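Remarks on the structure that follows.
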Amino acid sequence: MRVVFKGVLDPIGAFLNSLGIFPNTITLLGLAGNGVAAVLIALGHITAGGLIVIAMGLMDALDGTMARLRGMPSDFGAFTDSVTDRYSELAVFGGLLYYYLQKGEWIAVFGVYLAASGSVLVSYIRARAASLGMDTKVGVLTRFERYLIIAPSLVLNFLSPIIPLIGIWIIAVFANITAIQRIYDVRHQALDQNKILLKNNSIKK
């Protein structure tokens, strides 16, 4: 998104920087906005919540742009952005979980649980792999694709309450498939590392 919309994001980011606003402030505002969206969703105002989720998704692209324009991208900024992304996503799923629990729609509740679990695992697997010196970005449903599914499906709730459920179940299925894909990718990387290590040891001998 930052690459495609660079011509739009750069002027907005430059303007916000000129106001003395820091990138991490935008990151936290995005988290707060998603919190508001989660409350609206929980109370049944799903379309309104979806509109805020879309707006916060656009805001999420701004913090990195602002940091780049300031010439001060940092590891901690990237860390904060990643952590708040997880909180934001889980907040939205939490709002959906509360909404469907109140309605007693247990199949929907199970779908939200699977979607949230798969979403967290996709990110966790990559982070855990990175701690072991491996990087995995494979998979059919990364965070960007999940955003492209959940946000519009929430907005389109005014057409039919089935639409958000379709979005939830798409994420529930394909986020977990993505997690499995990343597990296998890390396994192959680990096997390749072991082969290289064994080869180097044999050469030394």
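The values are calculated or read from the model by the stated rules, or taken from the named source; none is laboratory data. Predicted model, so just to flag it, every value in this text is computed and none were measured. For neighbour counting, all protein chains shown are included, and Cβ atoms are generated from backbone atoms with ideal geometry for every residue, glycine included.
Observations on the structure shown:
- Lone qualifier among G13, G20, G7 - being assigned to a helix (DSSP H, G or I), out of contact with any helix residue (DSSP H, G or I) (no Cβ under 7 Å at 6 or more places or on another chain), modelled with pLDDT under 90 and not hydroxyl-bearing (S, T, Y): G7
- Screening T136 against (1) exposed (fewer than 14 other Cβ atoms within 10 Å of the Cβ); (2) outside any helix (DSSP H, G or I); (3) not aromatic (F, W, Y) leaves a single unmet condition, (1).
- Verdict on A78 being in a helix (DSSP H, G or I), of a type in the set (G, A, S) and surrounded by fewer than 16 Cβ atoms within 10 Å (Cβ to Cβ): yes
- Flag for I168 being surrounded by 15 or more Cβ atoms within 10 Å (Cβ to Cβ) and either within 25 Å of L97 (Cβ to Cβ) or of a type in the set (D, E) (or both): yes
- Of the residues in the stretch 66-83, at least one is under 21 Å from I171 (Cβ atoms) and of a type in the set (S, T, N, Q).
- Candidates V92, V120 - the one that is in contact (Cβ under 8 Å) with a residue 12 or more places away in the chain, surrounded by 19 or more Cβ atoms within 10 Å (Cβ to Cβ) and either touching a helix residue (DSSP H, G or I) at 6+ places or on another chain (Cβ under 9 Å) or not in a helix (DSSP H, G or I) (or both): V92
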